[in-house]
Structures are given as structure tokens and as C-alpha cells.
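What follows is calculated from the coordinates using simple rules that are stated; it is not laboratory data. Worth saying up front: this structure is predicted, and the values here are computed from it rather than measured. So basically every Cβ, Gly included, is an ideal-geometry build from the backbone, and we count neighbours across all protein chains shown.
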Protein chains: 2
Amino acid sequence: MFARLAILAPGLLGGSVALAARHCGVAREVAVWARRPEVRQDLRQQPWGQAVADTPGEAVRGADLVVVCSPVDSIVPLVQEIAPVLATGALVTDVGSVKAEICRLATAAAGGSRFVGSHPMAGSEKTGWEHARADLFAGRRVFVTPLAETGAGVAGRVAAFWTALGAEVATVAPEQHDEIVAHISHLPQLLASTLCSCLARQDLRWRDFAGGGLRDTTRIAGSDPKLWKTIFAQNRTEVLRALHGYQEELRRFEAALARGDWTEVQAIHERGRAYREPLRTTP
Amino acid sequence: MFARLAILAPGLLGGSVALAARHCGVAREVAVWARRPEVRQDLRQQPWGQAVADTPGEAVRGADLVVVCSPVDSIVPLVQEIAPVLATGALVTDVGSVKAEICRLATAAAGGSRFVGSHPMAGSEKTGWEHARADLFAGRRVFVTPLAETGAGVAGRVAAFWTALGAEVATVAPEQHDEIVAHISHLPQLLASTLCSCLARQDLRWRDFAGGGLRDTTRIAGSDPKLWKTIFAQNRTEVLRALHGYQEELRRFEAALARGDWTEVQAIHERGRAYREPLRTTP
């Protein structure tokens, strides 16, 4: 489907793109580039592809699809760096978890109609290329986020790439993507982290009594703080909107508890359980 | 250790007490009583003990330890019902997840110094005696919560019972117990439930994009709303205090996000991750 796939800054997601693309026969050649020389050295031992390049420019030369897998604050600089050496007709996408600003700036940097954003809803709190898996995208949702001016063919080819890796693609505008993930991903993250930072102010021995409830509810509080700082910075407006909506819900619960309205307390739990029900059976 | 153990209203916890007590050789005889006749019929097929009684009074006759496993709002009424037929020297405990009010009322109802509260930090969102396991308490924490006037020997014998089932016992005052669980159990529960009830007000198709983060963070939102209504009713004061502390932390995060203070946003995540770290390796 693609003659040469280039993956820049592979971590868990980029490494899994390389493995999945080879496994699914989606690219004839795969080239990768990592920022740190010692990582490039390690990558040369991996069964990912044909070439480990020493520069981003070298990696993307001759590639017809480039997947930028760096942290969100390095995506646009990398696209700016590779733009002058991109082949005619080459497409560029990324795997960043915030889209509006990245899509606007990366589209301008890449020139023409060759950039379209992606965001795979896959991964875990385990990061790093060492944990890459060929089946990471199987059955997982991937957002593809074209701008209004992005050519339909460009978005379609990137969507087909993810579909070939086993993912289910949803094509939405970047702003709508950011609103959705603010609610279903960034809000749960900030609740888990603030719950832990709040409990850190109490007697730490209480933690020894934690059951499975606290453990599950706070698992993602173990994620990388620097990564999340950048995500919150990029999606500030939508996260604030989602947070205000949540604070409103919390005040409703608080008011019901304070006035002893047990019907309302139970009703909030009923609504919550009904919402949660379909998530029991998904992977 | 005990000649006859009586278990009233066994669910997941009570059934596991029966299985564990037999498995660990802690009781020579086990008698159980369940409220619904069809459940008593089913229990007669279980390898739990010697007798399935038709009334609470019949179950506790001759018992030297009674474990009341009913929902929190039925514990005190059950203790009142069995008090007249309790053997001399019999001890009574429960497994309710709120303690101050129950311990005060049940101690008065049982008479003398024969009641002491317990709360095993074990269980799951799976409820019902069908899921009972002999190893449910192995390595888990169990609170034993004597009042100031409870005899030390009484609390000690109940603590020894849980220890014999493989649990690690912490002896604390009922009020302190309620403060601890308000923070580490009831607060996570209300966050999970209100997160889901908040998201239920948004586009429900967004849920299809949920990753492991939302799934883990909201798992306990699948718990029984009626059960939790009763727990919140019994622990209202401490839950409100814990909730106010959390709302304060959430406002700190919101303010940092609103003013673009990324150092503080990252610091909150760092504190949260440090708090969470020891929970990664516990069962």
C-alpha cells in the first residue's frame, strides 16, 4: 500500500506502528529515526524495518507516508524540519492526543495538502518502544482529523492505513476531537491525579488500607506528569469546559448529600451505572 | 478456636467467611441464615457448614461467634433480633463498611460487652454468595473497631478470628475508621459515579472512543446504587469533609489550568504519581 513508511521518534505507539505495518504488509520498507543516539543503536537490533536513520530528513527521504510519534510539543517542529525534503505526494500524519493546534500548524508547515492528524486510542501507562506490539491497534479506535481544507483523498489514504493495521477509524474535525478527548480521556486523568494529590495531604498510612476501588480509580495517576502537562497546555480550553461541567455535577452530589436527599444520591449512582454498563464488555 | 460460628445474611463476604473458617479450621461448626427462602434452599447445597437455619434466632443458638453480613441498614435490626437468644459469652461482629453509628447502636442492642465492629477491605463489584472464595481475606486488611468501653478481650478475640482467616487486622476507633474510608473508599466511589453521571449528559457516542483510562477510572461506578446510597447516608459527615477537601484540590488544578501555570499543573501530577507509586505493587 505504501512503498516506504517513515516513523519519527517511535515510542510505544510508533514502535507498534512499525511492527503492525510489517505484520499486515502495509509498507514495503520501514525507516525509523529516534532523537537519542543510544536509542538509535538499540533500534538497530529491532525487527522493525530496513533502516534506522541518523536524522529526520534521512528517515523521510523517499517515504510516501511519514508518521510523527514524538510528544505533542515536538510534532510541529519535526514537521517543519522534514518539510523541505518530503517527496512529492508524500503524506504526513502524527499520533498526538490533542489535535486542533497541531493540525493547523503542521498543515501550514508541511505545505500543500499533505498533513492530516491521527490519534489512536491505544496505549497504556507503559510507555517506550520496548513495549511495542504488532496488535496494539487491533479493534481500537483511531481518530483521523482533517481540516476543512484537507483533501478528501489525503484523509482517506491515512484512514485506510489505520484500517489496514486493524483499527476502527473515526473521521472528525480537530476541534470536535479535542472536545471528545477532553471529556473521555483528559477529565478522567485529572480526576485520578487530583484524587491522589488530595490524598497525599492526608495521613499516608491510610493508603495501606486501599482496596481495589482506589487502585483502579487512580491507575492512570501513574502516567508521565510532563506528558500530561503538555496535553493540558494544548487542550486547555476544552479541558476547562469539561472540568466546569464536572464540578457542576459534583456540586449536585454534594448538595444532595448535605440535605440528605437519598433519592437523588441513589439517582446519580443509577445514571452513572447505566452510563458505565457498555464499558464492562469492551476490551 | 470457636465451637459454633453463625453467619447471618451471607453474600460475597459472609459466604467467604464460611468457606475460609472451614478451610482454616477456625470453627468446629458453621450455621448460616439467609432472609429469602429460595436462597436458604440454594445454601443447603453449599459446602459451607452444618446447618441452614430458618430464622436468625435459630442460627445463633449455641454460637460463640456471630458474624452479621447484611447490608449496613439491616445490621442493627438483626442484632436487636438475636440479642435475647445469644448464648452467654457469645461475641457478635459485622462486616459493614461504615462503623460509628452501627457500633454505638449494635453495642447497646447486644448488651454487655459482646459486640465489636469489623470491616474487611475485601470484595469486588461482584456481589452475592455465589462468588464466595475461601481466600478472599488472605493478605487483605480488616478493620476491627472497638468502642472505648469495649473490653480488650472482646476486640482481641474478634481480631484473632480475622487473623486466622489470613487477614491483617488494624484496630481503630469507629470514628477514625469512618474518616479513613471516607477518603480512600467512599471518595473514589463518588468520583467514579459522578464522572459517569456527568458524561451521561454529553453525546453518548463519545463513549465508544473510551480507552483503558476511562474504563479503569469508572469501574466501581458499576457498583450497586442502593448499597452506596446507604453507605453515604451512614457516613454523611465524613464523606462531606473528604469531598470538600477534594473540591479544594480540584479548584487548585482549575486555577492553575486557567492561568496557564504549567509548573503547578505538572507539580499536581507529580504529587499524585508519588502517592500512587506504592499501590502499583500491592495485590
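When a/c is below 1.5 the answer is rounded, else prolate if a/b is larger than b/c, else oblate, so apply that to the range B:181-283 with a ≥ b ≥ c taken from the square roots of the Cα gyration tensor eigenvalues. Here the range B:181-283 falls in the rounded category.
Using only alpha carbon pairs under 8 Å that are at least six residues apart, calculate the relative contact order of chain A and give it in whole percent.
Working: 453 pairs, mean separation 43.4, N = 283.
Relative contact order for chain A comes out at 15 percent.
Of all the options B:GLY222, B:GLY57, B:GLY49, the one that moves most in a Gaussian network model of chain B with Cα springs shorter than 10 angstrom is B:GLY222.
Take every DSSP beta bridge with both residues inside chain B and express the antiparallel ones as a percent of the total, to the nearest 5. Before the final figure, lay out each step's value.
Numbers: 4 of 26 bridges.
That works out to approximately 15 percent antiparallel.
For the range B:176-280, relative contact order (Cα pairs under 8 Å, six or more residues apart, normalised by length) works out to 33 percent.
Using only the alpha carbons of the protein assembly as shown, what is the convex hull's orientation-averaged projected area in square nanometres? Can you show the working numbers first?
Working: hull surface 109.1 nm².
With the hull built on Cα positions only, its mean projection is 27.3 nm².
Each of A:TRP206, B:TRP33 was scored by other Cβ atoms within 10 Å of its Cβ. Listed from fewest to most, they are A:TRP206, B:TRP33.
The range A:160-183 and the range A:91-107 have Cα centres lying 12 Å from one another.
Any idea which of A:LEU204, B:ALA59, A:VAL79 is furthest toward the positive side of the dipole for the protein assembly as shown, if Lys and Arg beta-carbons carry +1 and Asp and Glu beta-carbons -1? Final value for the positive-end residue is B:ALA59.
Diffusion of the range B:226-283 by Stokes-Einstein, at 4 °C in a medium of 1.567 mPa s and with Rh set to the Kirkwood radius over alpha-carbon pairs, works out to 94 µm²/s.
The magnitude of the dipole of chain B, with charges of +1 and -1 set on the Cβ of Lys/Arg and Asp/Glu and taken from the Cα centre, is near 340 debye. Annotation: the antiparallel percentage among DSSP beta bridges lying fully within the range A:41-194 is about 30. In terms of surrounding Cβ atoms within a 10 Å radius of their Cβ, A:MET121, B:MET1 rank from fewest to most as B:MET1, A:MET121. Helical content alone sets the calculated 222 nm signal of chain A at -14500 deg cm²/dmol, taking -39,500 (n - 2.57) per DSSP H segment of four or more residues and averaging over every residue. Taking B:ARG259, B:ARG28, B:ARG251 as the candidate residues, the one with maximal mean-square fluctuation in a Gaussian network model of chain B, Cα springs under 10 Å, is B:ARG259. For the range A:2-172, the direction-averaged projected area of the alpha-carbon convex hull comes to 8.3 nm².
Which entries in A:LYS126/B:LYS229; A:LYS229/B:LYS126; A:LYS126/A:LYS226; A:LYS126/B:LYS126; A:LYS229/B:LYS229 show an alpha-carbon gap greater than 25 Å? Provide the component values of the computation, followed by the final result.
On the way: A:LYS126/B:LYS229 36 Å; A:LYS229/B:LYS126 36 Å; A:LYS126/A:LYS226 15 Å; A:LYS126/B:LYS126 28 Å; A:LYS229/B:LYS229 36 Å.
Over 25 Å Cα-Cα: A:LYS126/B:LYS229; A:LYS229/B:LYS126; A:LYS126/B:LYS126; A:LYS229/B:LYS229.
In the elastic network of chain B, a GNM with C-alpha springs shorter than 10 Å, the most mobile of B:GLY156, B:GLY213, B:GLY166 is B:GLY213.
In terms of Cα atoms, the Rg and Dmax of the range B:212-258 work out to 14.1, 38 Å. For the pair the range A:201-268 / the range B:188-253, the C-alpha centres are spaced 7 Å from each other.
Between the C-alpha center of the range A:124-154 and that of the range A:4-29 there is a gap of 11 Å.
Quick one: dipole size for the range B:167-283, taken about the Cα centre, charges +1 on Lys/Arg Cβ and -1 on Asp/Glu Cβ, in debye to the nearest 20. Mind showing how you got there, number by number?
Numbers: 16 positive and 16 negative charges, 87 e Å.
In debye, rounded to 20, the range B:167-283 gives about 420.
Bridges between two residues of the protein assembly as shown, per DSSP, are antiparallel at a rate of about 15%.
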